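Written out below as structure tokens is the structure these notes cover.
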There are 2 protein chains.
Amino acid sequence: MNQYKYAARHIDPVDREIVSEAEARQLTLTKPPGSLGMLEEIGNRLAGVAQRCPPPIPLNPHVVVFAGDHGVHGQGVTPWPQAVTVQMVANFLSGGAAINAISRQVGATVTVVDAGVAADLTPSEGLVMGKVRYGSADISLEPAMTILEAEAALDLGVSVAVELIDSGTDLLVCGDMGIANTTASAAIISYFCKTDPSVTTGRGTGIDDPTLARKISVIETAIERASVRPGLSDDPVAVLSELGGLEIGAIAGFILGAASRRIPVIVDGVISLAGALIANEIAPLAAEYMFAGHLSIEPGAGIAIGHLKLKPILKLDMRLGEGTGAAMAIPVLQSAARLLGEMATFESSGVSEA
Amino acid sequence: MNQYKYAARHIDPVDREIVSEAEARQLTLTKPPGSLGMLEEIGNRLAGVAQRCPPPIPLNPHVVVFAGDHGVHGQGVTPWPQAVTVQMVANFLSGGAAINAISRQVGATVTVVDAGVAADLTPSEGLVMGKVRYGSADISLEPAMTILEAEAALDLGVSVAVELIDSGTDLLVCGDMGIANTTASAAIISYFCKTDPSVTTGRGTGIDDPTLARKISVIETAIERASVRPGLSDDPVAVLSELGGLEIGAIAGFILGAASRRIPVIVDGVISLAGALIANEIAPLAAEYMFAGHLSIEPGAGIAIGHLKLKPILKLDMRLGEGTGAAMAIPVLQSAARLLGEMATFESSGVSEA
């Protein structure tokens, strides 16, 4: 059996009894009820995720940057050359990218996974050589990948998640790199959220009006092309194969792997959200393990977060990707867990209640 | 000369040339221009604050919780007994409060300052015995304190800031504790922001409708009473003496002390914002050193932040005080500085530009 199928079948709901126990515990802590806002909601859900109240503090977070190239790059949807994907992988590995600086600050480790970069990469510490194929095909003309390739991408993500969890990682953070990947992501978000590409599509890394118009038109064409495939709407793996994103498929698998092991996973921008939507279609319970770290200013982000019934934790006007928004939310999750575990109660401290 | 006057006269503007240098540097880093959103704005301002680009990463943050009691408590503006102020000081000192848990997570030290608790406290490590008087008077009936007491509170805050900075603290974080202190804060915010108390006043730690109506009425009475004082509008120290808050005065001084030493200071809820407004009236340049860590759901918070021309960093629906929202923003400021200092440039990394 494919690993992603196995993972999807082994996702239990977040433990609602433990969530209730956490909610009750919040009321005993030395603060006015509800005064920690989202930190309480997050802490309670972390307890349900871990089936433990108070929840363990996730002190071993790991950011995984999934890299892949996109055949749709040939349609002129971005001013950035495709070679930047490879160059940025090297930048991640030498510690010079934004995600590296943020991860150093918040105490997270960074691993890069080649899910489908369109060039051969040199093996290196911190790089998982998981290439499924050399970039996706041009989704405006043909499916991004075969079903077998889509499944391989999903399996890759699961195996990365499971190996990290087996090595002690207690918080997974989704990151992405791939020139033109906001095009595939907007297509996937449009498809699953039934929202017009003109609404979901943004300027990605920064594009002008003609490029934006071209990008929207390319996405419309891709969705129209894919939609003639029989049974597409009931088959998220087929949607991935039509509109992906090798790194998007790997992110979807990564999330399924995390959820199957009851480990929280932070998503942020449109690429990891596209992967999150696929994971959610394959196994709806997976969404219970997701935390939306940051609301990207890419318009598809808010739409996808709403569809997943999540609430963004940070809103810092970021639109970089790499998992930067998700990584910035790590201290929030850690603090939420710590508050639930370490705060004194009214009873233990002798503080009077209102 | 009072220390606060000395500090106020020694606040220079944030260095605009260094801010411009930081803005230019951002464009050379391996990311699309502007894609780090607020992290870029924060990093650039930190450079200007420190007069160094890239700015130092503030790795020695210190949270100071200023505690004081409020005579207006007698008007029934809150269901919490006044004794909770003393009880919570003990909770801070034994590490059981929310601000302790968050500070442990983000690597900050916590100090408590008795600026005006209405009871004698036992000396303890981590407690500064700075009591100016035993709680403020009831502002609905008379001035909160004398001008000399207001000046003593301001001086206390300056001295706490300066001593911490001299001991290596590179980021100051304002915290507060004092039952009924949202009443005094809403009065000060209403006064300086010329906004009706019915708009600025919130439910504090959580009050019902009749208590809220009483609270608003008490604040209206206090402002009407204070406003007959000749020359009040030109004298922020007189406003503090009329409507303060001993801990609010100390927070104002703390901010002036930070700004006079070019050290960034994070404010969060309505109490530290009331202090920030006083600091801003005494020395308008002080606002350039302030960062609004979190937008409290107390309505006065957004009004005060707008008045100070700041932009809230986090919005986590918190309304606890203690400096919890400000402390949660510490990793954001640290990351912002680190990104500016540690990211590779396009030139150094060989990444192609768009």
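Couple of notes before you dig in:
- Only one of A:ALA279, A:ALA287 that is in a helix (DSSP H, G or I) and surrounded by 24 or more Cβ atoms within 10 Å (Cβ to Cβ): A:ALA279
- The residue that is nearest to B:GLU242 (Cα to Cα), counting only those in region B:55-89 that are surrounded by fewer than 20 Cβ atoms within 10 Å (Cβ to Cβ) and among the small types (Gly, Ala, Ser), is B:GLY74.
- Among the numbered conditions (1) in contact (Cβ under 8 Å) with a residue 12 or more places away in the chain; (2) open to solvent by 10 Å² or more (accessible area, probe 1.4 Å), the only one that B:VAL265 does not meet is (2).
- Test result for B:VAL162, touching a residue at least 40 places away in the same chain (Cβ under 8 Å), surrounded by 24 or more Cβ atoms within 10 Å (Cβ to Cβ) and of a type in the set (Val, Ile, Thr): no
- Within region A:27-53, restricting attention to residues that are in a loop (DSSP other than H, G, I, E, B), buried (at least 22 other Cβ atoms within 10 Å of the Cβ) and in contact with a Lys or Arg (Cβ under 7 Å, 6 or more places away or on another chain), the residue that is nearest to the other protein chains (Cβ to nearest Cβ) is A:SER35.
- Those residues of region A:96-105 which are of a type outside the set (Val, Ile, Thr) and facing chain B (nearest Cβ under 8 Å), in sequence order: A:GLY96, A:ALA97, A:ALA98, A:ASN100, A:ALA101, A:ARG104, A:GLN105
- Any chance B:ALA7 is farther than 30 Å from B:VAL351 by Cα and buried (at least 22 other Cβ atoms within 10 Å of the Cβ): yes
- B:VAL64, sole failed condition from (1) under 22 Å from the mean Cα position of the chain (by Cα); (2) facing another protein chain (nearest Cβ under 9 Å): (2)
- Helices (runs of 4 or more DSSP H) within region A:201-270 that include 1 or more residues at pLDDT 95 or above and basic (Lys, Arg): A:209-227
- Some residue of region B:119-127 being within 30 Å of B:ASP209 (Cβ to Cβ) and in the same structural domain as B:PRO230 (by TED's automatic domain parsing): no
- Set side by side, the residues B:ALA304, B:ALA287, B:ALA226, B:ALA252 differ, and just one is out of contact with any Phe, Trp or Tyr (no Cβ under 7 Å at 6 or more places or on another chain) and without any contact (Cβ under 8 Å) to a residue 60 or more places away in the chain, which is B:ALA287.
- The number of residues in region A:290-301 being within 14 Å of chain B (Cβ to nearest Cβ), in contact (Cβ under 8 Å) with a residue 60 or more places away in the chain and surrounded by fewer than 23 Cβ atoms within 10 Å (Cβ to Cβ) comes to 1.
- B:GLN105 vs. criteria without any contact (Cβ under 8 Å) to a residue 40 or more places away in the chain and buried (at least 22 other Cβ atoms within 10 Å of the Cβ): yes
- Residue-level analysis places B:THR85 outside the set of residues that are in the same structural domain as B:ALA252 (by TED's automatic domain parsing) and either in a loop (DSSP other than H, G, I, E, B) or of a type in the set (Phe, Trp, Tyr) (or both).
- One residue from B:ASP120, B:ASP114, B:ASP138 being among the acidic types (Asp, Glu) and open to solvent by less than 10 Å² (accessible area, probe 1.4 Å): B:ASP114
- Qualifying positions in region B:90-102 - under 21 Å from the mean Cα position of the chain (by Cα) and open to solvent by 30 Å² or more (accessible area, probe 1.4 Å): B:LEU93
- Residue that is nearest to the chain's Cα centre (by Cα) [pool: residues in region B:314-343 that are over 30 Å from A:THR30 (Cβ atoms) and surrounded by fewer than 24 Cβ atoms within 10 Å (Cβ to Cβ)]: B:GLY341
The values are calculated or read from the model by the stated rules, or taken from the named source; none is laboratory data. This is a predicted model, so every value here is computed, not measured. All Cβ positions, glycine included, derive from the backbone under ideal geometry; neighbour counts span all protein chains shown. Note: accessible area is taken over every heavy atom of the protein model, side chains too, but ligands, DNA and RNA are not part of it. Shrake-Rupley method; radii C 1.70, N 1.55, O 1.52, S 1.80 Å.
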